[in-house]
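Working notes, beginning with the structure itself.
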Amino acid sequence: MNRTLNLLDTTSKLLLAIWTGTLWMTAIAAQLIFSALNPNKALAGTVAGKLFTFVSYLGLVVCIFLLVLLIITNHKRFFKSVKVYFITLMIVLLSVNQFLLHAKITSIRAIPGYSAIPDLKSQFAFAHGLSVINFLVITLIATVLLTAILRKTR
């Protein structure tokens, strides 16, 4: 049993490290996509949207795995662990981004000429701005969590 828990612990650290790196790389890749596909912002937005969707679903899987592992290993002190709150917050933020903001952005983009309609353009800008801030917060929380976990293992 102890060996299995060690393997799960190592796996969780590896998954968190991979996903955190993916978050940072996605932020860089999004800028490169828009630069490379300029002036075709619609295509760049579609490609970047697919990338962010993948990263969001990956994050949800990783965070749920981490949360389940914490339940298994720290069931008596589960709610006393700061990691639980960080992970839960990331799950909430990822869900908001993927299921609310991304859905709103996608529905607005589906309307032909949305950028010429002031109300739709401002709704798009608002949802996109919230999504960017949300992604930045998720990235910072994942980085802090990974750093804390790796420091603890030294």
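Worth pointing out:
- Elements of the type helices (runs of 4 or more DSSP H) sitting completely within the range 40-114 and holding at least 1 residues that are of a type in the set (Lys, Arg) and within 20 Å of Thr10 (Cβ to Cβ): these cover 82-95.
- Taken over the range 67-88, the residue count meeting the criterion of being modelled with pLDDT of 95 or more and surrounded by 15 or more Cβ atoms within 10 Å (Cβ to Cβ) is 2.
- Some residue of the range 66-83 being closer than 18 Å to Thr22 by Cα and either more than 18 Å from the chain's Cα centre (by Cα) or of a type in the set (Phe, Trp, Tyr) (or both): no
- In this entry, Ala29 is excluded by the filter for residues that are at pLDDT 95 or above and farther than 20 Å from Leu140 by Cβ.
- Options Ser115, Ser122, Ser107: the member that is surrounded by fewer than 17 Cβ atoms within 10 Å (Cβ to Cβ), touching a helix residue (DSSP H, G or I) at 6+ places or on another chain (Cβ under 6 Å) and without any contact (Cβ under 8 Å) to a residue 12 or more places away in the chain: Ser115
The values are calculated or read from the model by the stated rules, or taken from the named source; none is laboratory data. Just so we're clear, the structure is a prediction, and the values are computed from it rather than from any experiment. All Cβ positions, glycine included, derive from the backbone under ideal geometry; neighbour counts span all protein chains shown.
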